[in-house]
Amino acid sequence: MPSLKEIKTRIASVSNTRKITSAMKMVASSKLHHAQTAIQNMLPYEELLEHILKSFLVTVPEIQNEFEAEREVKRVALVVFTSNSSLCGGFNNNVLKMFQHVVDEYMAQGIDDILVYPIGRKIEDYALKRGLHVAGSYLSLAEKPKASDCADISRELQIKFIAREIDKVELIYHHFKSAGSQILTRKTFLPIDLSTESIGLENDRDLSSNIATAKAQEYLRKRKAAEESKQKSSAQALNDNFIIEPNLDAVLGTLIPKELNLQVFTALLDSNASEHAARMVAMQTATDNANELLRELNLQFNKSRQQAITSELLDIVGGSINN
């Protein structure tokens, strides 16, 4: 059995650790709130732009654009989103596992020309360690999402796709549904599917709370079941008689790149919010574990202290009797 001094030292150590994890949990909670606000401010614009574009393309079926054309896949680009730091549970490991699975899948098909756009230190280090071709370093984006930087990445991918330098682009990131639920997502970026069936499917985020409790997760499960029970209806065109100004090429040349830029920015915001939510949950779990460990250590300390006092009393009583 450890001595009282050893138990007290361990109690002090666990208490200090609990202070750190508790502080990190509050910091992550604050960052999550800002990330949720950013998504909330962006969602109405994203959904309406997507609806206008796809409804327009459905209404004018003779439109042909170079971003829809599917072709034989020989060269692939992967845009992968992780964090720069650790202590966020399985957030980064899950992304890296899916990334490795996708790479192995393409390798099995004989496609070894894979270009990686690593958003975050973890995926950048992972890709470089495995000798994959990395397009650049985007460490700052993982910390501070910027729409302009995302647009630069999107434009570069569009140019390479049109020039046939790459034949397919995929995004790998965490889709943020709520503070207690982040869904690992693999999404085709190019060529794009301009059908209206998927409009609004990813706008299922719960941005009203950053509490990841069992009760909150039960609420999310019930809400998801209720949503799935409803009959899904396909999106309808906003108008079947569009007036195009100045011309069709100018409109498509503006709307489609904007929508593609927004997809990359949305994925980044999703990943950023998911990281803070995962870190908040991980630090909350660590704090709870520290509290439980402190309770056990205090109980052990009190038992050991009581045993020491009892032994001293027995020695005193025994000495008195002998005298």
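The values are calculated or read from the model by the stated rules, or taken from the named source; none is laboratory data. Note that the structure is a prediction, hence the values are computed from the model and not measured. Note that we place each Cβ from the backbone using ideal geometry, even for glycine, and neighbour counts take in every protein chain shown. Quick note on the areas: whole protein, heavy atoms, side chains included, nothing else; ligands and nucleic acids left out. Shrake-Rupley method; radii C 1.70, N 1.55, O 1.52, S 1.80 Å.
Odds and ends about this structure:
- If you go through the stretch 46-73 and keep only what is open to solvent by 80 Å² or more (accessible area, probe 1.4 Å) and either modelled with pLDDT of 85 or more or part of a loop (DSSP other than H, G, I, E, B) (or both), you end up with Pro61, Glu62, Gln64, Glu66, Glu70, Glu72.
- Selected residue (only one of Gly131, Gly90, Gly110 is surrounded by fewer than 20 Cβ atoms within 10 Å (Cβ to Cβ), modelled with pLDDT under 95 and under 15 Å from Asn272 (Cα atoms)): Gly90
- Lone qualifier among Lys160, Lys122 - being out of contact with any Gly (no Cβ under 9 Å at 6 or more places or on another chain), in a helix (DSSP H, G or I) and under 29 Å from Ala69 (Cβ atoms): Lys160
- Any hit, the stretch 138-149, residues being of a type in the set (Lys, Arg), over 30 Å from Gly253 (Cβ atoms) and within 16 Å of the chain's Cα centre (by Cα): no
- Every residue from the stretch 125-155 that is in a helix (DSSP H, G or I), farther than 18 Å from Arg75 by Cβ and of a type in the set (Gly, Ala, Ser): Ser140, Ala142, Ala147, Ser148, Ala151
- Among (1) under 27 Å from the mean Cα position of the chain (by Cα); (2) open to solvent by less than 60 Å² (accessible area, probe 1.4 Å); (3) under 30 Å from Asn302 (Cα atoms) - the single one Ile7 does not satisfy: (1)
- Criterion violated by Ala290 - all others in (1) within 30 Å of Tyr173 (Cβ to Cβ); (2) open to solvent by less than 30 Å² (accessible area, probe 1.4 Å); (3) in contact with a Ser or Thr (Cβ under 6 Å, 6 or more places away or on another chain) satisfied: (1)
- Matching residues in the stretch 10-33 - criterion: being over 19 Å from Phe176 (Cβ atoms), open to solvent by 80 Å² or more (accessible area, probe 1.4 Å) and touching a residue at least 40 places away in the same chain (Cβ under 8 Å): Arg10, Arg18
Every residue, every condition in (1) over 17 Å from the mean Cα position of the chain (by Cα); (2) open to solvent by less than 30 Å² (accessible area, probe 1.4 Å); (3) within 23 Å of Thr82 (Cβ to Cβ); (4) at pLDDT 65 or above, yes or no:
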{"site": "Asp167", "(1), (2), (3), (4)": "yes, yes, no, yes"}
{"site": "Arg186", "(1), (2), (3), (4)": "no, no, yes, yes"}
{"site": "Asn210", "(1), (2), (3), (4)": "no, no, yes, no"}
{"site": "Ala214", "(1), (2), (3), (4)": "yes, no, no, no"}
{"site": "Asn241", "(1), (2), (3), (4)": "yes, no, no, no"}
{"site": "Ile244", "(1), (2), (3), (4)": "yes, no, no, yes"}
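- Counting residues in the stretch 146-154 that are open to solvent by less than 40 Å² (accessible area, probe 1.4 Å), touching a Pro at 6+ places or on another chain (Cβ under 9 Å), more than 29 Å from Gln36 (Cβ to Cβ) and in contact (Cβ under 8 Å) with a residue 40 or more places away in the chain gives zero.
- Test: residue in the stretch 87-98 that is within 20 Å of the chain's Cα centre (by Cα), over 30 Å from Ile20 (Cβ atoms) and touching a residue at least 24 places away in the same chain (Cβ under 8 Å): yes
- Contacts under 7 angstrom Cβ, first residue in the stretch 263-277 being in contact (Cβ under 8 Å) with a residue 12 or more places away in the chain, partner among the acidic types (Asp, Glu) and surrounded by fewer than 24 Cβ atoms within 10 Å (Cβ to Cβ), 6 or more apart: Thr266/Glu46
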